[in-house]
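The values are calculated or read from the model by the stated rules, or taken from the named source; none is laboratory data. Since this is a predicted model, take the numbers as computed values, not measurements. Please note: Cβ atoms are built from the backbone with ideal geometry, for glycine as well, and neighbour counts cover all protein chains shown. The area values use the complete protein model at the heavy-atom level, side chains included, leaving out ligands, DNA and RNA. Shrake-Rupley method; radii C 1.70, N 1.55, O 1.52, S 1.80 Å.
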Amino acid sequence: VQLQASGGGLVEAGESLKLSCTASGNIVRGNHMAWHRQLPGQERQLVARITSFGATDYADFVKGRFTISRDDGKNAVYLQMNGLKPEDTGVYYCNLNQYNERYWGKGTQVTVSS
């Protein structure tokens with residue numbers, strides 16, 4: 001399983017970005033997908049996750065600003081990020097969980113200037 005994330009970039013505070021992540025390989029139904037991030041000098045943290053049924057869960061620091069969604073036809077997961085803040089700056093990673101295995105994509109950098 002390979003994951004390819006894209007959509008990061010440099011934006012000003014208050015602006016939006018949409019991250020995309022496409023999975024390829026032996027993808028099975030019933031997988032769960034998520035976005036994590038690693039801020040400078042910090043450990044990786046969960047941002048949002050979505051189950052195979054479409055149930056979602058968000059970290060408190062993004063509730064009301066970020067929206068996770070998925071398109072199973074494309075084996076893709078998205079993260080719409082609105083109201084970005086400088087403290088959202090970091091590397092964002094997508095991951096896929098299936099059969100108790102966790103797969104990670106290479107991160108995409110998000111930089112928010114004040």
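Worth a mention:
- Against the rule of thumb 2.2 N^0.38 Å, how large the Cα Rg of region 66-114 comes out: 1.34
- Positive-end ranking of Ser69, Gly9, Gly25 along the dipole of region 1-76, with charges on Cβ about the Cα centre, is headed by Gly25.
- Gaussian network model of the chain, springs between alpha carbon atoms under 10 Å - residue of Ile27, Ile50, Ile68 with greatest fluctuation: Ile27
- Chymotrypsin sites (Phe, Trp or Tyr not before Pro) restricted to DSSP loop in region 54-114 with at most 14 other C-beta within 10 Å: Tyr99
- Spherically averaged projected area of the chain from its Cα convex hull (nm²): 6.5
- In sequence order, region 76-82 has phi-based couplings of 10, 10, 10, 9, 8, 10, 10 Hz under the Karplus curve 6.51 cos²θ - 1.76 cosθ + 1.60, θ = phi - 60°, and Gly or Pro positions carry x.
- Computed with a 1.4 Å probe over protein heavy atoms only, the accessible surface of region 10-114 comes to 55 Å² per residue.
- Cα coordinate range in region 50-89, projected on the principal axes (Å, largest first): 34, 17, 12
- Within the straight-line cut-off of under 19 Å between alpha carbons, the lysines reachable from Lys74 are Lys18, Lys106, sequence neighbours fewer than 8 places apart in one chain being disregarded.
- When +1 charges are put on Lys and Arg Cβ atoms and -1 charges on Asp and Glu Cβ atoms, the dipole computed for the chain relative to its Cα centre reaches about 220 debye.
- Heavy-atom accessible area for Lys18, with the other protein chains in place and a 1.4 Å probe, reaches approximately 100 Å².
- DSSP-assigned coil residues among trypsin sites (Lys or Arg not before Pro) in region 23-62, each with at most 14 further Cβ atoms within 10 Å: Arg29
- Accessible surface of the chain, 1.4 Å probe, proportion on carbon and sulfur as whole %: 45
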